[in-house]
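For reference, the structure discussed in these notes is given below.
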Amino acid sequence: MRTPSNPIEAAAVRAAVKRAQSGQASRIDPDPVLHSHDAELQWVEAVLRHRLSLDSLGRPVSIRAKDDDTHPLVADGQHFPAVALSIPFADGTLNFLATYDDDRRLTFDLIGPCDRCGKPVPLEEINCLADLGDHLLQTRDGLGGSPRLRTSAAHADGCPARGN
Ligand SMILES: [Zn+2]
(Lines give C-alpha, C1' and ligand atoms only; values in the text may rest on other atoms or scores of the structure.)
Protein backbone atom coordinates (compact mmCIF):
# COMPACT_ATOMS: atom_id res chain seq x y z
CA MET A 1 0.00 0.00 0.00
CA ARG A 2 1.16 3.54 -0.60
CA THR A 3 1.74 5.76 2.40
CA PRO A 4 -1.35 7.72 3.44
CA SER A 5 -0.78 11.14 2.00
CA ASN A 6 -3.28 13.24 3.88
CA PRO A 7 -4.88 13.43 7.34
CA ILE A 8 -8.11 11.71 6.29
CA GLU A 9 -6.34 8.71 4.80
CA ALA A 10 -4.09 8.44 7.85
CA ALA A 11 -7.13 8.55 10.17
CA ALA A 12 -8.93 6.01 7.95
CA VAL A 13 -6.06 3.54 8.22
CA ARG A 14 -6.03 3.96 12.02
CA ALA A 15 -9.80 3.36 12.14
CA ALA A 16 -9.51 0.23 9.99
CA VAL A 17 -6.73 -1.22 12.15
CA LYS A 18 -8.75 -0.48 15.28
CA ARG A 19 -11.84 -2.13 13.82
CA ALA A 20 -9.84 -5.18 12.79
CA GLN A 21 -8.26 -5.51 16.21
CA SER A 22 -11.49 -5.03 18.16
CA GLY A 23 -13.57 -7.09 15.76
CA GLN A 24 -16.37 -4.57 15.93
CA ALA A 25 -17.50 -1.62 13.95
CA SER A 26 -17.27 1.62 15.83
CA ARG A 27 -20.67 3.04 16.63
CA ILE A 28 -21.74 5.96 14.53
CA ASP A 29 -24.56 8.23 15.59
CA PRO A 30 -27.56 8.61 13.27
CA ASP A 31 -27.07 10.74 10.18
CA PRO A 32 -27.92 14.44 10.24
CA VAL A 33 -31.49 15.20 9.21
CA LEU A 34 -32.47 16.99 6.01
CA HIS A 35 -34.23 20.16 7.11
CA SER A 36 -35.04 21.76 3.80
CA HIS A 37 -35.26 20.34 0.32
CA ASP A 38 -33.51 23.43 -0.97
CA ALA A 39 -30.43 22.33 0.85
CA GLU A 40 -30.07 18.77 -0.37
CA LEU A 41 -26.49 19.17 -1.58
CA GLN A 42 -25.47 20.65 1.76
CA TRP A 43 -27.24 17.80 3.52
CA VAL A 44 -25.42 15.15 1.50
CA GLU A 45 -22.18 16.94 2.27
CA ALA A 46 -23.08 16.95 5.98
CA VAL A 47 -23.84 13.22 5.91
CA LEU A 48 -20.47 12.43 4.32
CA ARG A 49 -18.75 14.67 6.85
CA HIS A 50 -20.58 12.79 9.60
CA ARG A 51 -19.96 9.27 8.27
CA LEU A 52 -16.25 9.93 7.87
CA SER A 53 -16.05 11.62 11.29
CA LEU A 54 -14.27 14.53 9.66
CA ASP A 55 -14.96 16.87 12.56
CA SER A 56 -12.86 14.60 14.79
CA LEU A 57 -9.73 15.24 12.75
CA GLY A 58 -9.12 18.48 14.53
CA ARG A 59 -8.72 20.52 11.39
CA PRO A 60 -11.11 22.02 8.88
CA VAL A 61 -11.88 19.80 5.90
CA SER A 62 -13.66 21.29 2.93
CA ILE A 63 -16.03 19.24 0.78
CA ARG A 64 -17.37 20.33 -2.58
CA ALA A 65 -20.73 18.89 -3.61
CA LYS A 66 -22.48 19.15 -6.96
CA ASP A 67 -24.88 17.22 -9.14
CA ASP A 68 -23.25 14.27 -10.88
CA ASP A 69 -24.00 14.23 -14.60
CA THR A 70 -23.25 10.53 -15.15
CA HIS A 71 -24.98 8.58 -12.40
CA PRO A 72 -28.64 8.55 -11.26
CA LEU A 73 -29.57 9.12 -7.64
CA VAL A 74 -31.32 5.75 -7.45
CA ALA A 75 -30.55 2.62 -9.47
CA ASP A 76 -32.34 2.80 -12.81
CA GLY A 77 -33.52 6.30 -11.98
CA GLN A 78 -33.75 8.95 -14.65
CA HIS A 79 -34.96 12.17 -13.12
CA PHE A 80 -32.59 12.97 -10.30
CA PRO A 81 -28.80 13.03 -10.52
CA ALA A 82 -26.50 11.50 -7.97
CA VAL A 83 -24.28 13.84 -5.96
CA ALA A 84 -20.56 14.11 -6.67
CA LEU A 85 -18.42 15.10 -3.69
CA SER A 86 -14.77 15.96 -3.62
CA ILE A 87 -12.39 16.58 -0.75
CA PRO A 88 -9.37 18.47 -2.05
CA PHE A 89 -5.89 18.21 -0.54
CA ALA A 90 -2.61 19.80 -1.39
CA ASP A 91 -1.52 16.69 -3.27
CA GLY A 92 -4.74 15.27 -4.64
CA THR A 93 -8.46 14.80 -4.18
CA LEU A 94 -10.71 12.16 -2.67
CA ASN A 95 -13.84 11.81 -4.79
CA PHE A 96 -17.12 10.26 -3.70
CA LEU A 97 -20.48 9.54 -5.29
CA ALA A 98 -23.65 9.69 -3.19
CA THR A 99 -26.65 7.59 -4.24
CA TYR A 100 -29.52 5.76 -2.59
CA ASP A 101 -29.13 2.01 -2.25
CA ASP A 102 -31.93 -0.54 -2.57
CA ASP A 103 -32.87 0.07 1.07
CA ARG A 104 -33.24 3.79 0.34
CA ARG A 105 -30.27 4.60 2.49
CA LEU A 106 -27.88 7.28 1.33
CA THR A 107 -24.63 5.52 0.53
CA PHE A 108 -21.22 6.69 -0.61
CA ASP A 109 -18.83 5.20 -3.13
CA LEU A 110 -15.20 6.12 -3.51
CA ILE A 111 -14.55 7.17 -7.11
CA GLY A 112 -11.33 6.12 -8.77
CA PRO A 113 -9.95 4.91 -12.09
CA CYS A 114 -11.41 1.67 -13.48
CA ASP A 115 -8.84 -1.15 -13.64
CA ARG A 116 -9.84 -1.85 -17.20
CA CYS A 117 -10.71 1.40 -18.91
CA GLY A 118 -9.23 4.02 -16.59
CA LYS A 119 -12.40 6.10 -16.38
CA PRO A 120 -13.47 7.42 -12.96
CA VAL A 121 -16.01 4.89 -11.62
CA PRO A 122 -17.54 3.94 -8.23
CA LEU A 123 -14.90 1.60 -6.80
CA GLU A 124 -15.86 0.80 -3.25
CA GLU A 125 -18.73 1.50 -0.92
CA ILE A 126 -17.40 3.71 1.87
CA ASN A 127 -19.76 4.48 4.71
CA CYS A 128 -17.35 5.06 7.55
CA LEU A 129 -13.74 5.98 8.06
CA ALA A 130 -12.74 2.33 8.66
CA ASP A 131 -14.22 1.36 5.27
CA LEU A 132 -11.90 3.85 3.62
CA GLY A 133 -8.99 2.48 5.64
CA ASP A 134 -9.79 -1.07 4.57
CA HIS A 135 -9.82 0.07 0.98
CA LEU A 136 -6.48 1.83 1.35
CA LEU A 137 -5.00 -1.23 3.06
CA GLN A 138 -6.82 -3.62 0.70
CA THR A 139 -7.66 -5.82 3.68
CA ARG A 140 -11.42 -6.22 3.64
CA ASP A 141 -12.67 -9.61 2.53
CA GLY A 142 -14.53 -9.41 -0.69
CA LEU A 143 -13.13 -6.07 -1.66
CA GLY A 144 -14.77 -6.67 -4.95
CA GLY A 145 -16.12 -3.27 -5.48
CA SER A 146 -19.22 -1.22 -5.10
CA PRO A 147 -22.52 -2.57 -6.45
CA ARG A 148 -22.40 0.51 -8.70
CA LEU A 149 -19.06 -0.52 -10.24
CA ARG A 150 -20.63 -2.90 -12.75
CA THR A 151 -23.53 -0.67 -13.64
CA SER A 152 -21.78 2.68 -13.89
CA ALA A 153 -22.29 4.57 -17.13
CA ALA A 154 -18.93 6.22 -16.56
CA HIS A 155 -16.99 3.28 -18.06
CA ALA A 156 -15.63 3.66 -21.56
CA ASP A 157 -17.73 2.11 -24.30
CA GLY A 158 -17.19 -1.63 -24.35
CA CYS A 159 -15.30 -1.73 -21.05
CA PRO A 160 -15.35 -5.38 -19.84
CA ALA A 161 -15.75 -4.26 -16.22
CA ARG A 162 -19.25 -3.02 -17.00
CA GLY A 163 -21.94 -5.69 -16.69
CA ASN A 164 -25.13 -5.90 -18.63
ZN1 LIG B 1 -14.17 0.50 -17.03
Which listed residue, of 123, 132, is outside any strand (DSSP E or B) and modelled with pLDDT under 95
132
Per the filter on the stretch 85-134, residues aromatic (Phe, Trp, Tyr) and over 18 Å from residue 7 (Cα atoms) are 100, 108
Meets criteria (over 22 Å from residue 16 (Cβ atoms), surrounded by fewer than 16 Cβ atoms within 10 Å (Cβ to Cβ) and not charged (D, E, K, R)) for residue 118
yes
The residue from 80, 108, 89, 96 that alone is of a type in the set (Phe, Trp, Tyr), modelled with pLDDT of 90 or more and surrounded by fewer than 18 Cβ atoms within 10 Å (Cβ to Cβ) is 80
How many of the residues making up the stretch 63-110 are within 16 Å of the ligand (Cβ to nearest atom) and under 22 Å from residue 32 (Cβ atoms)?
4
Breaking point among (1) within 15 Å of the ligand (Cβ to nearest atom); (2) among the aliphatic types (A, V, I, L, M); (3) assigned to a strand (DSSP E or B), for residue 154
(3)
Just to be sure I understand the filter: pairs with C-beta atoms under 9 Å, separated by 6 or more residues or on different chains, first member in the stretch 128-149 and under 19 Å from residue 52 (Cβ atoms) and among the charged types (D, E, K, R), second member modelled with pLDDT under 90 and assigned to a loop (DSSP other than H, G, I, E, B). Which pairs pass?
131/140; 134/140; 134/143; 148/75
Anything in the stretch 29-44 that is out of contact with any helix residue (DSSP H, G or I) (no Cβ under 7 Å at 6 or more places or on another chain) and of a type outside the set (S, T, N, Q)? List them, or say none.
29, 30, 33, 35, 37, 38, 39, 40, 41, 43, 44
Counting only residues that are at positive phi and under 17 Å from the mean Cα position of the chain (by Cα), give me the strands (runs of 3 or more DSSP E) lying completely in the stretch 9-118 with at least 1 of them.
92-100
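The values are calculated or read from the model by the stated rules, or taken from the named source; none is laboratory data. Remember, it's a predicted structure, so these values are computed and weren't measured experimentally. All Cβ positions, even for glycine, are placed from backbone atoms using ideal geometry, and neighbour counts span all protein chains on display.
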